[in-house]
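Take a look at the structure set out below.
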Amino acid sequence: MRKWRTTPVGVAAYAKARAEAQTKANETGYDYGIEPNDLFKSWHVFLLPQKQNRFGHELRCEVVMCEHIDRCKPGHGPERGT
């Protein structure tokens, strides 16, 4: 069932989903998740809540963070030291 992920079509679909998630994260400052859907052979991109409010699939997905730390919203982006 998971073999589609490594096919040329699956790899291209992942690259497109990853780019979409990065664009959205950079524009908004929020973290986005990427998750495969093996039944429909596609990748799902979705907005993640703050880190302390993530449960279930939100903890298992690939997290894409904003590349500009100064634009990251509270509870999103890499951990900052105090």
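Annotations for the structure displayed:
- Those residues of segment 25-41 which are touching a Phe, Trp or Tyr at 6+ places or on another chain (Cβ under 9 Å) and closer than 19 Å to LEU59 by Cα, in sequence order: ALA25, TYR32, GLY33, ILE34, GLU35, PRO36, ASN37, ASP38
- Residue among TRP43, TRP4 that is modelled with pLDDT under 95 and either in a helix (DSSP H, G or I) or more than 19 Å from ILE69 (Cβ to Cβ) (or both): TRP4
- Restricting attention to segment 55-82, the residues being in contact with a Ser or Thr (Cβ under 9 Å, 6 or more places away or on another chain) and part of a helix (DSSP H, G or I) number 1.
- GLN52 falls short of the stated requirement of being assigned to a helix (DSSP H, G or I), among the polar types (S, T, N, Q), at negative phi and surrounded by 17 or more Cβ atoms within 10 Å (Cβ to Cβ).
- Residue count for segment 7-40, restricted to those that are surrounded by 17 or more Cβ atoms within 10 Å (Cβ to Cβ), farther than 17 Å from HIS68 by Cβ and not hydroxyl-bearing (Ser, Thr, Tyr): 6.
- The set of residues in segment 55-82 that are in contact (Cβ under 8 Å) with a residue 12 or more places away in the chain, surrounded by fewer than 17 Cβ atoms within 10 Å (Cβ to Cβ) and on the phi > 0 side of the Ramachandran plot contains only GLY75.
- Residue pairs whose Cβ atoms lie under 6 Å apart, separated by 6 or more positions or on different chains, with the first residue in segment 4-21 and under 16 Å from PHE40 (Cα atoms) and the second part of a helix (DSSP H, G or I) and modelled with pLDDT of 95 or more, are TRP4/GLY10.
The values are calculated or read from the model by the stated rules, or taken from the named source; none is laboratory data. Because the structure is a prediction, the values reported are computed rather than measured. Glycine gets a Cβ as well: all are built from the backbone with ideal geometry, and neighbour counts include every protein chain shown.
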